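Asks: My structure is below; once you've seen it, I'll send some questions.
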Amino acid sequence: MDRQTLIGPFTQLLPMTGLPLKGALKDEQLPVIENGGIVVSKGKILKIGVFEELKSDEVHIYRIEGESVCLPGFVDSHTHICFAGSRARDYAFRNAGKTYLEIAKAGGGIWDTVTQTRKASQKDLVHGIVARSKSHLNNGVTTIEVKSGYGLSVDEEVKMLRAIKLANSKTKVDLVPTCLAAHMKPKDWSKDKEYLDVIANILFPLLKSENLAHRIDAFVEESAFSPQEIKPYFQKAKEMGFDITVHADQFTTGGSQVAVDFGAISADHLETSTEKEIQLLAQSNTIANALPGASLGLGCAYTPARKILDAGGALSIASDHNPGSAPMGDLLTQASILGTFEKLSNTEVLAGITFRAAAALRLSDRGKLEPRAMADFVMFPTDNYQEITYHQGQMKPSQVWKQGEPIFQ
Ligand code: NIG
Ligand code: FE
């Protein structure tokens, strides 16, 4: 909509502004505008406030009937939604008591998805990403980070990242690509050259020249890459101007130290982080990204979110949507459940999937409803924002708006 449009009235409007990036948040701190309205123009927010006070001769009104709570479109800051095939077998293996390594040896795990993703065409991958993005959008997610990492060769990683770029042009959701070529050591790699050297020397320049990704991720873990192995890789990435993010402390610690040392934007997972890692992260500018979908998928501990917040850390929450450890892909459900187990306030849960998640992607134009921000927002059919987390994802959005346009699909 190019002309100015006033949308509302909303029973409650939650702009998620005026809150700090780091530390614990109480619900008394949450700004709530009763009978609120938003003026949008050209995909951006012009004004926000009380609906009646925003009325003028210049604005066209888009009236919202019935009760509604409106808040920023959710940001899912960690996913692997570019993949082919299923890992249903892993679920059965896990529940029969097999360990992560035993499942990998039995033909499951990440390598299984690599095999299936390599067989898929770029077109198939685009189709899968677009379909999964739509289901996220219907749940109120308007920005999704998407990782590669099931290609594990220069050509196959390029195929995945091109698919993500193409999918971005075919979906209303904004997709933020991340190169996760360092997801695990490819089982078929010939030993004459170092895998990470080839990726850094050949793939990194391609990411720049084709504008495929400006973020580099790595799985720092005993079963993937050690801190020592990953340091020269991250060093090269930093020198080339990439943002860094890390899969850290999922099964063993070590990754969060690397993340902080390299000034990573985020350290994700952190299920095994101890007091030492919690303090380290809290005193850094690295955002701690909790992935409750992986805890639910694997039957593992949750990220110590309460402790991270109480230590003064910045906590975002993402779905980790992937075919292995987190096939559910429902951010609001998972964030609400993390809230239950980790005793988070509603404000901490909502901050974790709005402005704190946007910060985990270094995006300053979303996650908050304020003038000049992207006009991305989600409405729920209730008069009380507490109902949203209370229903643990069962209350679905009544409307989702992306860049000032209502989405119907
Ligand atoms: O974030 N931890 C490593 N990578 C993914 C899992 C990917 C998979 O199992 O396919 C994660 O949980
Ligand atoms: Fe992940």
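Asks: Out of the residues in segment 265-295 that are within 11 Å of ligand 1 (Cβ to nearest atom) and part of a helix (DSSP H, G or I), which is surrounded by the fewest Cβ atoms within 10 Å (Cβ to Cβ)?
Replies: Ser295
Asks: Scan segment 55-73 and give yes if some residue there is in contact with a strand residue (DSSP E or B) (Cβ under 8 Å, 6 or more places away or on another chain), within 16 Å of ligand 2 (Cβ to nearest atom) and of a type in the set (Ser, Thr, Tyr), otherwise no.
Replies: No, segment 55-73 contains no residue that is in contact with a strand residue (DSSP E or B) (Cβ under 8 Å, 6 or more places away or on another chain), within 16 Å of ligand 2 (Cβ to nearest atom) and of a type in the set (Ser, Thr, Tyr).
Asks: I would also like to ask the following. Would you pick out the residues in segment 73-125 that are outside any helix (DSSP H, G or I) and farther than 20 Å from Gly329 by Cβ? Reasoning before the result, please.
Replies: Taking segment 73-125 and keeping what is outside any helix (DSSP H, G or I), we get 73-87, 96-99, 106-109, 120-121.
Of everything in segment 73-125, those that are outside any helix (DSSP H, G or I) and farther than 20 Å from Gly329 by Cβ turn out to be Ala96, Gly97, Lys98, Thr99, Ala106, Gly107, Ser121.
Asks: Only one of Leu152, Leu161, Leu166, Leu137 is of a type outside the set (Gly, Ala, Ser) and surrounded by fewer than 20 Cβ atoms within 10 Å (Cβ to Cβ). Can you tell me which?
Replies: Answer to the check: Leu166.
Asks: May I pose another question? Consider segment 57-85. How many of its residues are more than 16 Å from ligand 1 (Cβ to nearest atom) and either closer than 11 Å to Ile7 by Cβ or touching a residue at least 40 places away in the same chain (Cβ under 8 Å) (or both)?
Replies: Residues that pass the stated criteria total 17.
Asks: A further question on this structure: Check Thr79, Thr143, Thr115 and return the single one that is outside the structural domain of Pro9 (by TED's automatic domain parsing), within 16 Å of ligand 2 (Cβ to nearest atom) and out of contact with any helix residue (DSSP H, G or I) (no Cβ under 6 Å at 6 or more places or on another chain).
Replies: Sole residue among the options that is outside the structural domain of Pro9 (by TED's automatic domain parsing), within 16 Å of ligand 2 (Cβ to nearest atom) and out of contact with any helix residue (DSSP H, G or I) (no Cβ under 6 Å at 6 or more places or on another chain): Thr79.
Asks: Still on this model: Here are Leu350, Leu338: which of them is buried (at least 24 other Cβ atoms within 10 Å of the Cβ) and out of contact with any helix residue (DSSP H, G or I) (no Cβ under 6 Å at 6 or more places or on another chain)?
Replies: On the way: Leu338 fails: out of contact with any helix residue (DSSP H, G or I) (no Cβ under 6 Å at 6 or more places or on another chain).
After applying the criteria, what remains is Leu350.
Asks: Hey, can you tell me all the residues within segment 119-140 that are within 19 Å of Asp76 (Cα to Cα) and either of a type outside the set (D, E, K, R) or in the same structural domain as Lys402 (by TED's automatic domain parsing) (or both)?
Replies: Val126, Gly128, Ile129, Val130, Ala131, Ser133, Ser135, His136, Leu137, Asn138, Asn139, Gly140
The values are calculated or read from the model by the stated rules, or taken from the named source; none is laboratory data. None of the values given here were measured: they were computed from a predicted structure. Here Cβ is always computed from backbone atoms with ideal geometry, including for glycine, and neighbour counts include all displayed protein chains.
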